[in-house]
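A short worksheet on the structure shown next.
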Amino acid sequence: MPIGFIWQTFLETPLINVMVLLTVVSFGSFGLAILLFTVISRALMFPLTLRTLHAARSMQEIQPQIKELQKKYSDPRRRSEETMKLYKESGVNPLGCLGPQLIQFPIFIALYQVIRTTLASTPESVVNLSHRLYDFNIIQDATPLSTKFLFIDLQQNGGPFLTAVVFASMWLQQRISTGRNAATQNDQQKQMNQMMQWMLPGMFAWFVLAVPSGLGLYWGSSTIIGILLQWKFVGPGDFTWGSLIPNIVRDQIGLERIAAPDSKTNKRPPASPQATDDTESSTETEQTDGDNGSQRKNGRRRRRSRSRSTRTSSRSGRRRGNSGG
Amino acid sequence: MFHVKHRKPLIAVLAATVLLAVGCANIASPEGWAAPAVDGNTIFVQLERGTISAGTLSTSGTFSESWRYPSETDDLNFDGFYATPVVSGDAVYVASHDGSVVALSTKTGRPVWPAVVELDSTVVATPLVDRQSMYVPTEDGELVVLDAENGNEIRRLLDPGGRIWSAPVAKGSTFYVGTFDGREVSAVNVSTGISHWTSDAGGAVSADLVLTPDLVLAGSLGRSIRAFDTNAGGDPAWTYPTQGWVVSTPLVAGSTVYGATLQGEVFSLDADNGNENWLLAHEGLEFRSKPALMDGVLVLADRDGRLRGLDPATGELRWQSDIEDAKLFADPVAYQGSLIYVSKDGDLFQVSPRDGSTSVAFSRGG
């Protein structure tokens with residue numbers, strides 16, 4: 001079977017009908033249907049997302065051990081082997097986090113086609129839509145769907161509002177994600193993270209400008225749901241809302257300067273009691289530091305037990321090696 | 001979210017997705033399916049997206065182009081045409097999807113207006129030229145009235161709203177307009193702009209409206225053809241339900257209405273009461289182009305180039321033929337005893353209604 005046929009029959013066409021049906025139950029609003037679809041799709045993917053978030057949390061917990069391995073082994077191959085062993089022992093799948101994202105891409109591409117076809121923006125798409133709709137009165141009689149949602153025309157390319165929403169939400173998601181593992185990253189990784197922090201949201205913001213607004217609405221709402229889930233199940237990492245205030249503004253309003261989250265100078269000096277008392281953002285920072293402190297303590301405890309087991313396995317390995325020789 | 005070591009494949013996936021999606025952006029772009037128009041021996045047709053060509057068919061059946069507009073020297077770039085060119089006097093009026101409207105000399109193909117009129121809305125429906133005015137229905141839901149002599153805008157009728165995809169029809173000073181998003185048919189006095197009546201069309205009106213002495217017919221996505229009594233304030237006279245969407249303009253011949261749907265139905269109705277004379281279902285065929293009646297044969301063209309010749313009295317199949325790789329969305333036009341179809345790719349076909357034999361009059365592939 002050609003891939004195009006499979007794509008259309010099993011993904012695109014069902015999605016077209018689902019979207020039309022959701023529009024009917026959303027009082028004829030295609031925009032509400034997109035939001036409803038986003039919630040449903042995120043709910044269906046929730047088990048996978050939860051697994052990913054747990055993996056992220058586990059990853060966060062073993063960061064001290066990873067850092068120790070990085071210090072301990074200078075040989076990249078050995079370091080990699082030991083890291084993989086650590087992943088295995090801790091039950092962490094480093095690729096597990098890709099699942100929900102990879103599933104979203106086909107949906108994203110299909111939804112692009114679905115929006116173009118379902119909204120019947122051109123006479124061609126009306127004719128194409130005809131044989132894609134299932135033969136149910138509720139679906140057949142729903143066309144044409146309203147293209148307006150609030151002040152957005154869903155069939156027109158994304159405007160500044162949606163672009164800003166997508167950029168900001170993706171930036172925030174990246175910021176929360178990348179700050180978490182910053183401690184164990186080398187300079188190259190940190191540099192890459194810095195680049196991704198801006199490049200990925202920038203790319204999607206540009207994308208929103210180039211495709212129908214409906215797709216931007218889906219991506220923006222999906223990212224926001226992702227942030228909420230991440231916040232609830234993994235936490236914000238070292239992110240604080242106060243950290244959004246740039247240093248140049250902080251200088252002007254008398255707030256303490258903050259270092260970049262994933263720079264080498266991540267260790268912040270203890271906040272002065274005055275600053276802590278003065279501002280809410282400082283309090284947030286201190287709370288986060290406190291969290292990190294407890295994480296560090298936990299990390300130390302885990303590291304001790306982990307290094308014991310690592311030593312044991314190393315010795316047994318040597319023994320096996322000796323007996324074999 | 002992602003461990004940094006696994007970013008590279010992710011970036012590759014993202015980049016591929018972006019490229020793929022942007023590549024898909026042109027799939028549903030408006031290409032236009034304007035039907036050809038004929039004036040005497042001259043055919044006016046869109047052979048290339050956004051251009052209008054004029055020419056004649058030679059004795060060997062080959063299209064001989066006399067002019068094309070815009071030419072390379074005009075430095076103009078129009079969207080495709082959905083609206084059929086309208087010939088009135090010595091001018092042919094064309095409206096492209098991007099809202100550019102121009103009147104051209106039928107002889108030379110040069111503009112007769114001082115400039116191309118650029119409307120602030122896109123255009124799908126065929127305009128109507130009546131006496132000194134040109135009426136252009138827009139996708140903003142307005143009816144823009146232009147001076148046919150010079151293209152100056154005179155006024156705008158109807159309130160902006162849903163899209164108009166179907167060509168309006170006129171009876172005296174009353175215009176009948178069908179709306180796509182509004183799913184209505186309205187009667188408007190073109191002198192005053194006052195609406196006489198508005199009736200529910202039962203679905204989005206995509207096919208051109210058709211006028212009989214007492215009725216205005218509207219095929220719709222509501223899977224029906226509905227007839228409105230023009231003498232009784234637009235009261236529905238009858239409704240004929242169908243299985244598929246009616247985007248093909250019904251054909252009225254005497255007291256009979258012939259219609260076709262996107263689910264392969266072809267039917268004949270009594271124009272007075274909508275009673276069905278016969279109904280045939282051609283499974284797998286999708287009819288967008290208007291049926292044609294010529295030499296006692298009802299000819300239908302499916303969007304994939306499958307032609308059917310039927311007995312108009314009984315619906316019995318007389319002949320069938322296929323034009324390979326031809327996307328036939330445009331209505332046909334009668335020309336010297338044959339029917340002319342233009343495909344979406346800009347190929348021109350001559351079809352004999354007697355036996356369905358086809359010949360290529362012009363092929364963009366050479």
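The values are calculated or read from the model by the stated rules, or taken from the named source; none is laboratory data. Remember, predicted model here, so these are calculated numbers, not experimental data. No Cβ is skipped: glycine too gets one built from the backbone with ideal geometry, and neighbour counts run over all protein chains shown. Ligands, DNA and RNA are excluded from the accessible area calculation, which covers all protein heavy atoms including side chains. Shrake-Rupley method; radii C 1.70, N 1.55, O 1.52, S 1.80 Å.
Give me the accessible area buried between chains A and B, both sides summed, with a 1.4 Å probe, in Å² rounded to the nearest 100.
Buried area between the two chains comes out at roughly 4400 Å².
Residue B:194 contributes about 100 Å² of solvent-accessible surface, heavy atoms of the protein only, 1.4 Å probe.
To the nearest µm²/s, what D does Stokes-Einstein give for chain B at 4 °C and 1.567 mPa s, using the Kirkwood radius over alpha carbon pairs as Rh?
Values: Rh = 21.5 Å.
This corresponds to a translational diffusion coefficient of 60 µm²/s.
Taking a straight line from the alpha carbon of residue A:232, these aspartates and glutamates sit under 18 Å away, with near neighbours fewer than eight places off in the same chain left out: A:61, A:284, A:291.
Peptide A:123-135 has a mean of 6 when you count, residue by residue, the C-beta atoms of other protein chains within 10 Å of its C-beta. Eigen-decomposition of the gyration tensor built on the alpha-carbon atoms of region B:293-366 gives equivalent ellipsoid semi-axes of 21, 12, 10 angstrom, largest listed first.
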